[in-house]
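Report on the following structure.
The values are calculated or read from the model by the stated rules, or taken from the named source; none is laboratory data. For clarity, every value in this text was computed on a predicted model and none was experimentally measured. Here the Cβ positions follow ideal geometry from the backbone for every residue, glycine too, while neighbour counts run over all protein chains shown. Remember, those area values only see protein heavy atoms, side chains included, never the ligands or the DNA or RNA. Shrake-Rupley method; radii C 1.70, N 1.55, O 1.52, S 1.80 Å.
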Amino acid sequence: MLVEQISVFIENKKGRLSEIAEVLAQNNIDISALSLADTDEYGVLRMIVTDPHKAKKALADHGVIGKVTTVLAVAIEDRPGGFYEALTVLTDNGVEIKYMYACVSHEKGKALMILSVENPVEVEKMITQSKDGITNPSAIYRI
Amino acid sequence: MAILHPEIETLPREEIKKLQSEKLVWQVKRMYENVECFRNRMDEKGLKPEDIHGVEDLAKLPFSYKQDLRDYYPYGLFAEPLENIRRVHASSGTTGKRIVVGYTDNDLDMWSDCVARMLKAIGLSDKDIFQVSFGYGLFTGGFGLHAGVEKIGATVIPMSSGNTSLQIQTMVDFKATAICCTPSYAMYLAEEVEKAGVKDQLSLKVGVFGAEPWSESMRHEIEEKLGIKAYDIYGLSEILGPGVSCECEYQCGMHVWEDHFIPEIIDPDTGEVLPEGSTGELVFTTISKEGFPVIRYHTRDICSLEYAPCKCGRTHIRMNKPSGRSDDMLIIRGVNVFPSQIEEVLLDFGGNEITPNYIIKIDRVNNTDTFDLDVEMSESMFTDDLKSITKTEKAITEKLRSALGLGVRVHLVNPKTIARSEGKAKRVLDLRKL
Ligand SMILES: [Zn+2]
């Protein structure tokens, strides 16, 4: 399924990460998944949160630049080979994954992966037509 | 020390004024006939060449500016037809906004003579071997010094800039007795000589340094480490190149060769000529130059003039080392940089928004200028993809390098982290202690 992700620009300086966490906490925004890609000087922090647009506004007020984009959340069978099977669907169809990271799942026996691809809508269709199916959106936003 | 032309260099001041007056009248007349920009400005003031009788009328004449060279690029300000222009030089570094100057045979002869006067004044002769480590090319440094060295009959090593180990080896092997380069490069050379432990193999006696700001403490360090006497030379290509003024053996200001150049000190805000001894903006009128002459040209350098005769016997005015600029030009590793050039490049990365906020940070580490640029991240530059941000950062770095002719380290920083004062941010943090 498609979910909205918030990405923010973050300088590699002490305290920046906790600053962001603090702003989100003050605004009652929960983080259910998080990944940081960085260089020596800066990075991009990507998060799945309860209300990405509210998060963007709250962070902007604190001088943090953010962008809300659509990514894919894919449920994967929590057993050996589960991840491989999910990936095969994408590689067989020539889909390039820009980045991905894991997300907590409250659905028993399933693991959740967040994937960034060029055309999330098309790729979603591709996945729903595969045997693994999709996960329930509320399972993510609620966490 | 020797004086190359005692009859000119020790001419009584009254005589200098007479000579300047004659030459000024000549220059104004021919420029009025040959240079459209100058003629227009004279007409605007209702002035005719006949109204100028001598140096006492200098302050009536219109000013000229660096912008004129851009507006009339490339040859629009030349006062001689191109067949009489033997050589051109141009500002290095900036692309698109270069300035071009031209020299006739007489100009080249006068230029080399100005440099030769200095070389004599600091004790050089035909017995010397002079390593020219200024860059050769469109920059005036290399060719300017080269011709002066030839004029005094010394031997030239046309080394040009760069390749430090080869510089040192050449100095040692070819027994160079004198060298010229930028002062920061001299500091670097001095350290490398110290590291290589070859100071006692050097034959160097003197160094001629210029083209960027330097301090007395730098002078002492260069002198100490290379075992030489270090002299200051001043010039800018719009006036001549190196050799407009230079120090004599007494190192008490730089003698301006007044038979060719008339200096004035003005208030940069009002344009009023300031009383003798005041500090203000240095303005030059070239009274001998044929190819590219200027009247009351704004150098943007802030300094003062000494009128008293020098201990060396010369009567020509001495200018003190410029203490700053009346514009926002920075000299980084010998290259002129204007914040507006950086702004222009950044504008391309701001999307349809305003220019990204930035701050220029300059320091001097191990005698070399460091040049860093913090750029605030903006909506238009940010994406969720780290690779494309890194790509943007590299693109900014590359564009700046080609626009400035100088390497810069770009850092992307959080928005609103660069201080804004009264709406207009302080754009430059210069930590160099000169
Ligand atoms: Zn003197």
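In the set A:GLU77, A:GLU85, A:GLU107, A:GLU118, only one residue is in contact with a helix residue (DSSP H, G or I) (Cβ under 6 Å, 6 or more places away or on another chain), farther than 24 Å from B:PRO415 by Cβ and not small (Gly, Ala, Ser); that residue is A:GLU107. Residues that are part of a loop (DSSP other than H, G, I, E, B) and either within 16 Å of the ligand (Cβ to nearest atom) or under 25 Å from B:ASN366 (Cβ atoms) (or both) within region B:324-353 comprise B:MET329, B:ARG333, B:GLY334, listed in sequence order.
If I filter region B:114-134 for residues that are within 25 Å of B:ARG318 (Cα to Cα), open to solvent by 30 Å² or more (accessible area, probe 1.4 Å) and in a loop (DSSP other than H, G, I, E, B), do I get at least one hit? For region B:114-134, residues within 25 Å of B:ARG318 (Cα to Cα), open to solvent by 30 Å² or more (accessible area, probe 1.4 Å) and in a loop (DSSP other than H, G, I, E, B): present. Residues in region B:262-277 that are open to solvent by less than 40 Å² (accessible area, probe 1.4 Å) and more than 16 Å from the ligand (Cβ to nearest atom) were compared, and the one that is nearest to B:GLY135 (Cα to Cα) is B:ILE262.
Please verify whether B:ILE302 is open to solvent by 20 Å² or more (accessible area, probe 1.4 Å), closer than 25 Å to B:CYS114 by Cβ and more than 16 Å from the ligand (Cβ to nearest atom), treating the condition exactly as stated. So B:ILE302 passes the test.
Residue-wise test of (1) closer than 30 Å to B:ILE122 by Cα; (2) not assigned by TED's automatic domain parsing to the domain that holds B:THR286.
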position: B:HIS298; (1), (2): yes, no
position: B:SER304; (1), (2): yes, no
position: B:PRO309; (1), (2): yes, no
position: B:HIS316; (1), (2): yes, no
position: B:ASN336; (1), (2): yes, yes
position: B:ILE342; (1), (2): no, yes
position: B:ASP363; (1), (2): no, yes
position: B:SER378; (1), (2): no, yes
position: B:SER388; (1), (2): no, yes
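Residue-by-condition table, conditions (1) in the same structural domain as A:THR128 (by TED's automatic domain parsing); (2) part of a strand (DSSP E or B):
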residue	(1), (2)
A:MET47	no, yes
A:LYS54	no, no
A:LYS57	no, no
A:ILE76	yes, yes
A:THR88	yes, no
A:LYS98	yes, yes
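The residue of region B:385-430 that is modelled with the lowest pLDDT, among those that are under 30 Å from the mean Cα position of the chain (by Cα) and part of a loop (DSSP other than H, G, I, E, B), is B:LYS426. Only one of the numbered conditions (1) more than 16 Å from B:PHE134 (Cα to Cα); (2) surrounded by fewer than 16 Cβ atoms within 10 Å (Cβ to Cβ); (3) small (Gly, Ala, Ser) is violated by B:SER165, and that is (1).
Here A:ILE65, A:ILE48 are screened, and the one residue that is within 13 Å of chain B (Cβ to nearest Cβ), open to solvent by less than 10 Å² (accessible area, probe 1.4 Å) and β-branched (Val, Ile, Thr) is A:ILE48.
Across region A:5-18, the qualifying residues are those that are at the interface with another protein chain (Cβ under 10 Å from one of its Cβ atoms) and outside any strand (DSSP E or B), and the one among them that is surrounded by the most Cβ atoms within 10 Å (Cβ to Cβ) is A:ARG16.
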